[in-house]
Structure formats: C-alpha cells, structure tokens
1. For residues that are over 13 Å from VAL263 (Cβ atoms), open to solvent by 30 Å² or more (accessible area, probe 1.4 Å) and free of Cβ contacts under 8 Å to residues at least 60 places away in the same chain, tally how many sit in the stretch 204-236.
2. Within the stretch 90-105, identify whether any single residue is of a type in the set (A, V, I, L, M, F, W, C), modelled with pLDDT under 95 and out of contact with any Leu (no Cβ under 6 Å at 6 or more places or on another chain), and answer yes or no.
3. In the set ASN281, ASN285, ASN317, which member is over 38 Å from the mean Cα position of the chain (by Cα) and at positive phi?
4. Restricting the search to the stretch 309-331, which residues are in contact with a strand residue (DSSP E or B) (Cβ under 6 Å, 6 or more places away or on another chain) and either over 23 Å from SER246 (Cβ atoms) or surrounded by fewer than 17 Cβ atoms within 10 Å (Cβ to Cβ) (or both)?
5. Taking the stretch 288-308, which residues are of a type in the set (Lys, Arg) and touching a strand residue (DSSP E or B) at 6+ places or on another chain (Cβ under 8 Å)?
6. Would it be correct to say that ILE337 is in a helix (DSSP H, G or I) and out of contact with any Pro (no Cβ under 6 Å at 6 or more places or on another chain)?
7. What tally of residues in the stretch 142-151 results from selecting those that are under 14 Å from MET113 (Cβ atoms) and surrounded by 22 or more Cβ atoms within 10 Å (Cβ to Cβ)?
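The values are calculated or read from the model by the stated rules, or taken from the named source; none is laboratory data. These numbers were taken from a predicted model, which means no experiment stands behind them. Note that each Cβ is placed from the backbone with ideal geometry, even for glycine, and that neighbours are counted across all protein chains shown. Protein only, heavy atoms only, side chains kept; ligands, DNA and RNA dropped before computing areas. Shrake-Rupley method; radii C 1.70, N 1.55, O 1.52, S 1.80 Å.
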Amino acid sequence: MLQKYLVVLIAIFFVNSVFGQIHYEINGFSKKYHAVLTVEKGYEDDIFKKGNITVLETKTNKEIISIDADELTFDLDKNGNVKTNVLALPYGEQSIIIAQDFNFDGVKDLAIMDGQYSCYHGPSYLVYLDLANTLEFSLGFTQLAQEYCGMFRVDYETKHIYTMTKSGCCWHQYSTFKVENNTPIPVFIEEVDMMDFPFHTLKTIEWEGDKQIERIEKKIDLEQDDITEILSFNLVKSNKKVIVFSINNQLLTYALLRPDETVEFSYPVEAVYENPDFTINQAGNKLTFSNENAIYEIYQRSLKTKINQIGILVKVNGKSYNLKGDLQSVKGNLNAIKDVGCHNLVKK
C-alpha cells in the first residue's frame, strides 16, 4: 500500500514538473477584485519571470483582465503572499499590482505590471480606471506608466500627477499633469540638461489654458575643477560679462553672461577638439573668432604692464561695433592664453 502511494506521488510530481505552472492567489489590494499570478514553468527562479496576471471580480469570480508578460517581478511577504500596493519612487520597490485612485474621483483604480518597458528596463504598467464599476483601459495613464521611469506619483492635495525620466547622469525631465475627463493633461515640464559641460540648461514648458509658454535658461559653473578662467570683464554699457576660459586646458571657450549670470551666447557652439576655433596674435592682445556672419575680436591694450583698454570689436554685415569693457572689472590677462595649450587655438 505504501509502495503504491509513493508511486502515485512520484507520478504527480513528474506531471507537475513537466507541465505544471506556479500559481499565486493575490488578495488584499481591492475589495472588488482579486487576481491570480501564473509563472511559466522554467522561470520560477529567474529574476524576470514569464507569466500571466488575471484579475477577477470578487463577487462573481468573473475574469475581467488577463495580461501575458515576459518579464514580471514581484516579492513575497513573510507569509508567502505576493506583495501589492508597494510604490517606492522613483527607483525603489514597485509591486506587481497597485490599487490607487489615479483620476481623483475617490475610487481606486488598478495599475498592473506588464513587463519592464519604462526607462532603464524598469517596471511598466497597464492602467485601468474604475469607472461606473467597470475597469476601463486608460491609454493616457498607461503612457505615463510606460514612457517615464517606473510608475507616476499621485498628489491628492494638489490633484496633480508627477513623472520623471532621465538619460544618464546629466539629463532629467520632470513633468506635472492635471486630470481632465479622466485623462492626464500636461501643465508643466522641466528639463535639466548638463550634457554640455560646464554649461547646464534649464528648459521649462508651461501651459496657461491653450497657450504654451517655453523658457530656456542656460548657466555656467566655473567652479568645476576642470575649468581655468583666463580673462573676464564687464561691458560698460550693458554690464554683461565676458569670460574666456579653458576646459581641461585643452578647449578654449568664450561666454557672454547677462547681468543675471545666465548665458546669452557661448562659443564654440559645438566642442570639437583640434578645430581652429580661435586665433591669438603674437603680441597676445587680440583673440579672434567667427560665428556665422559675425567676426569677434577681443582686444586688450596696455601701458607698460597695466591694461588701459579692453573690449570686443564685433564686425557684422559690413559694420563694426566697439563694445568697451570696464577696466575696474578686469580679471586675468588675454596674454596668458598663449601659455595655454588648447587644441582649438591657433597662434599667429
């Protein structure tokens, strides 16, 4: 008898190991719904598991949603149950099902993981709004859970939705949405771009009704270790600041700052080493460069060893403009450029 019982157990184990799947009942995330998570055979020990999530109506056990996915991730609690409603933003744990009111109507909606399609192979979700006791797929909310970094954040005080996405260390985008007619609508986007060292650009897009307002603010961080400031002075009439500096002692760069220290213009527009962007004369008192149809000449004249004239001569469309510098604001010396071995500087 015992031998027969063991044979049956071995047979059952064999069938399950070949054809079986692992099923998890998922409860507690909603009073209206529960779910079944099925992991395909052979993916049990993988970090990213192939499987299916099926959402059922609790009262009728009727299947409402079924999602097949190649890369599901989930954690179990101490009792062996699948964790739900975990949302640690932006990069923390995000559970396989999130039940939350996304459209501010007081009713919990569902976000169900469909893989790892958000930024940097992060978790992505399909979002279903609970409208009139029916779960309806929302393209707008799903895009927020697919095209950014993981799930979005819901703020019930401001009634806004927030997303974040990035590219490497040096480009980030933060977006704010309001909800109209159960659809997320952008109201403010902020992009922080630090790809063009040592410049960093802040771009904002804001909506006032149907009007879209775009602002771009570019600044420069001269305190970086790789930056050597060679010459700077203020222009007399505009109080704008002229700065000539080197990056890594290899790339000579010019920038014109507004009085609020935002960058009005910088050169070269594209940093290319070995490109003859600037020319310094033998006396070391004239630095010239050209951009489109304009020629710029930064000049410096001295009496003995003291600078008594400085400024920029701009030639454009056959006309010349002498932008004189404030001698009291001068720091550094144009002549020092000759001693800097920048690859984009020609000495003549």
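1. The initial filter retains those residues of the stretch 204-236 that are over 13 Å from VAL263 (Cβ atoms), namely 204-215, 223-236.
Subsequent filtering for residues that are open to solvent by 30 Å² or more (accessible area, probe 1.4 Å) retains 206-215, 223-226, 228-229, 234, 236.
Next cut, free of Cβ contacts under 8 Å to residues at least 60 places away in the same chain only: 206-215, 223-226.
Count: 14.
2. Restricting attention to the stretch 90-105, the residues satisfying the condition of being of a type in the set (A, V, I, L, M, F, W, C) are 96-99, 102, 104.
Then keep just the ones that are modelled with pLDDT under 95; that gives none.
There is no residue in the stretch 90-105 that is of a type in the set (A, V, I, L, M, F, W, C), modelled with pLDDT under 95 and out of contact with any Leu (no Cβ under 6 Å at 6 or more places or on another chain).
3. Values: ASN281 fails: at positive phi; ASN285 fails: at positive phi.
That would be ASN317, the only listed residue that is over 38 Å from the mean Cα position of the chain (by Cα) and at positive phi.
4. The first filter runs over the stretch 309-331 and keeps only residues in contact with a strand residue (DSSP E or B) (Cβ under 6 Å, 6 or more places away or on another chain), leaving 309-316, 321-326, 329-331.
Matches in the stretch 309-331: GLN309, LEU313, VAL314, LYS315, VAL316, TYR321, ASN322, LYS324, ASP326, SER329, LYS331.
5. At the first step, the residues of the stretch 288-308 found to be of a type in the set (Lys, Arg) are 301, 304, 306.
Correct list: ARG301 only.
6. On the way: in a helix (DSSP H, G or I): yes; out of contact with any Pro (no Cβ under 6 Å at 6 or more places or on another chain): yes.
So ILE337 passes the test.
7. The initial filter retains those residues of the stretch 142-151 that are under 14 Å from MET113 (Cβ atoms), namely 142, 145-146, 150-151.
Subset that is surrounded by 22 or more Cβ atoms within 10 Å (Cβ to Cβ): 145, 150-151.
Residues meeting the conditions: 3.
Conditions (1) closer than 24 Å to GLU157 by Cβ; (2) among the aromatic types (Phe, Trp, Tyr); (3) more than 29 Å from the chain's Cα centre (by Cα), marked per residue:
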{"residue": "ASP77", "(1), (2), (3)": "no, no, yes"}
{"residue": "VAL82", "(1), (2), (3)": "no, no, yes"}
{"residue": "ASN85", "(1), (2), (3)": "yes, no, no"}
{"residue": "ASP101", "(1), (2), (3)": "yes, no, no"}
{"residue": "PHE104", "(1), (2), (3)": "yes, yes, no"}
{"residue": "ASP109", "(1), (2), (3)": "yes, no, no"}
{"residue": "ILE112", "(1), (2), (3)": "no, no, no"}
